[in-house]
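One structure is given below, encoded as C-alpha cells.
The values are calculated or read from the model by the stated rules, or taken from the named source; none is laboratory data. Predicted model only: the values in this text are computed from it and were never measured. Here the Cβ is made from the backbone with ideal geometry for all residues, glycine too, and neighbour counts use every protein chain on show.
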C-alpha cells in the first residue's frame, strides 16, 4: 500500500518555534499547531505518515488516534518535543486505539496522566521516543510513560523514559513483546512486564529507578503472564525512594530493587550486569508480599506464586547493604549483622503448599539459581521468623525459553 505523507504546515512549525514572539502570539501559534495536529490524526487513513518537524510545541489537550496503519514521525527525540506541561484536557498525552501503528523520533513531556497509551492494538512499534517529566520524580507525575496494554506483536526500542510515577516502560496483558536498547531512569518501575506472554527484555539500561526491571502477575486481569526472558541488560543503582501513588501495585516495591519477579511463571534471567541495588540485586516474590494482599478480592484461578524461575550467568556486584523498610532492615540485621548485606538473591519464601513434595515444588515449578553469592529465603509465610540461607534447594536447571519472534518483523 502506498503511504500517504502528511506534514504539519511549515508556517505553524515556524510560529511554534519562534522565541521572539509575544506570549499572546506564542499561545495562538501553539493552539493552531495543536488544532492542525489533532485534525491530521482524525483525518488519517491507513498508510498515512504524519511528520512533525523539529520544534518545541505546547499542547493543552490530549491527542487521540483510532485509524489503523498510521505512522507518527518526528525529527528526533531531542528535536521534536510535544510538551503537555499546561495540559488541561484529557488524561493521556496520546491515546492510540489502532493496529499497525508506529511512532518514532519524538518526545512527549510532562503529561498530566499517562504519556503514550496504546490500547488493544496489533503490530505496534515504538522507536526512538523520549518520555519525560522534567521536574524529576514526583507522585503527581503521570503513572505510565510508554504504555501498550492488551496488545500483540509489540516492539519498544531505542527509547528513553524518565520520571513516571508508576512504570516508565510498561507492557501489560499483551503477547509477543520485545523491549530492547532502551533507557529507563528515575521512574518507580523502570521497565515492567505485567500479565504478559512471551516477552524478551534485553540490552536495556535501568538505573536510578525504585526498581529496575519488574516481571509481575497481578490478579483479576484479562490474562495471566508467563514466558519472559530478561537478559543482557544493565541494571544498577536503582535506589530512588518509592514515589508511587498510594494503592498502586508498585507502591510496595522497595527502593533498591534490581530485577524483581512477582507471582510470574517461566521467567529466565541471564547474562545481565546487575549492581549496587541497595535492597537486593534480584528479588523473587509472591502476591503475598505486595500491598494488594488482603485488600482486594482475588479470582479463584489466580496463581500468587512464582514458578519456574531460572536465574543464571549474571554478573552481580554490590547491593543488599541498605534495604528499604523496617521489616527488611530488621531481617538483614538478624541474619547478617549490622554491617552485613543481603546476598544477590532475596526470595520471600512463599511456595504453593499443595504442590510440595519433600519440601520442594515439582521440577518445572522450581526456582533454580546459579552463579550467585547466596540466596536468602526470608520465610515471609511465617513473618520472617525462620529465614534460611542454604542454597541446595535452588541447585537445579530448567528448560530454556525460545526467543520471541515478531510476525511480521517491524521495519524501522
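Restricting attention to the stretch 291-298, does a residue exist that is buried (at least 22 other Cβ atoms within 10 Å of the Cβ), in contact (Cβ under 8 Å) with a residue 24 or more places away in the chain and not in a helix (DSSP H, G or I)? No - not one qualifying residue is present in the stretch 291-298. Listed by first and then second residue, the pairs with beta-carbon distance under 7 Å, at least 6 apart or on different chains, first residue in the stretch 33-53 and free of Cβ contacts under 8 Å to residues at least 40 places away in the same chain, second in a helix (DSSP H, G or I), are 33/12; 33/16; 36/12. Taking the criterion of being on the phi > 0 side of the Ramachandran plot, touching a residue at least 12 places away in the same chain (Cβ under 8 Å), outside any strand (DSSP E or B) and outside the structural domain of residue 143 (by TED's automatic domain parsing), would at least one residue in the stretch 85-93 satisfy it? No: zero hits. Consider the stretch 358-378 and keep the residues that are over 15 Å from residue 269 (Cβ atoms) and in contact with a helix residue (DSSP H, G or I) (Cβ under 9 Å, 6 or more places away or on another chain). The one that is surrounded by the most Cβ atoms within 10 Å (Cβ to Cβ) is 378. Taking the numbered list (1) farther than 19 Å from residue 253 by Cβ; (2) surrounded by fewer than 20 Cβ atoms within 10 Å (Cβ to Cβ) in turn, residue 329 passes all entries but (1).
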